[in-house]
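**Student:** Right, I'll just put the structure down here and ask away after.
The values are calculated or read from the model by the stated rules, or taken from the named source; none is laboratory data. Note that the structure is predicted; figures quoted are calculated from it, not measured. Positions of Cβ are backbone-derived with ideal geometry, glycine not excepted, and every protein chain shown enters the neighbour counts. Ligands, DNA and RNA are stripped out before the accessible areas are found, and what is left, the full protein with its side chains, is counted by its heavy atoms. Shrake-Rupley method; radii C 1.70, N 1.55, O 1.52, S 1.80 Å.
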Amino acid sequence: TAEAEEGAMAAAAGPSSSAGEAETAADALAALALTSAEFDRVLAAYTTLSMQDEYASTVQLSDIRNLCQDMTDAQILEAVNRLKDQNKCGPIDGEEIYKI
């Protein structure tokens, strides 16, 4: 429920939290809540973008965001980090994801 989420965010942010810290806590909770379907969407977006320009050495994170607009930035970053951990993409450098 919304109340449970607010309680979890407040607990994660701590008693002396600012709005920025609360957002960070919310982003962290959203990243933890990444579903396999959301991960698959980011994988599909990365794969599609990789094939669109086979000569480019990177995929732009902004292009993945455009294809996954209903996902939060934290969810997209979590999915991209999982891609990297599974050796499906190279290192992440700011807004660029290196292909392997």
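**Student:** With every protein chain kept in the model, how would you rank Leu43, Leu83, Leu67 by accessible area, 1.4 Å probe, largest at the top? Spell out each step's value before the answer.
**Tutor:** On the way: Leu43 45, Leu83 0, Leu67 95 Å².
Output order, biggest surface exposure first: Leu67, Leu43, Leu83.
**Student:** Got a sec? What order do Lys99, Lys88 fall in by accessible area at 1.4 Å, biggest, i.e. largest, first? Could the numbers behind the result be given before it?
**Tutor:** Working: Lys99 50, Lys88 85 Å².
The ranking, largest first, comes out as Lys88, Lys99.
**Student:** What is the stretch 46-100's relative contact order, in percent, from Cα pairs under 8 angstrom and six or more apart in sequence? If you can, show how the numbers build up before the last one.
**Tutor:** Numbers: 47 pairs, mean separation 20.4, N = 55.
Relative contact order, the stretch 46-100: 37 percent.
**Student:** How large is the accessible surface of Ile100 in square angstrom, using a 1.4 angstrom probe and rounding to the nearest 10?
**Tutor:** 140 Å²
**Student:** Sticking with this structure for a sec: Starting from the residue with the highest accessible area, list Tyr55, Tyr46 in decreasing order, probe 1.4 Å. Spell out each step's value before the answer.
**Tutor:** On the way: Tyr55 195, Tyr46 15 Å².
Highest to lowest solvent-accessible surface, that is Tyr55, Tyr46.
**Student:** Separate question: Label points 7 Å out from Cα along the Cβ direction at Ala37 and Asp53: separation in nm?
**Tutor:** 3.2 nm
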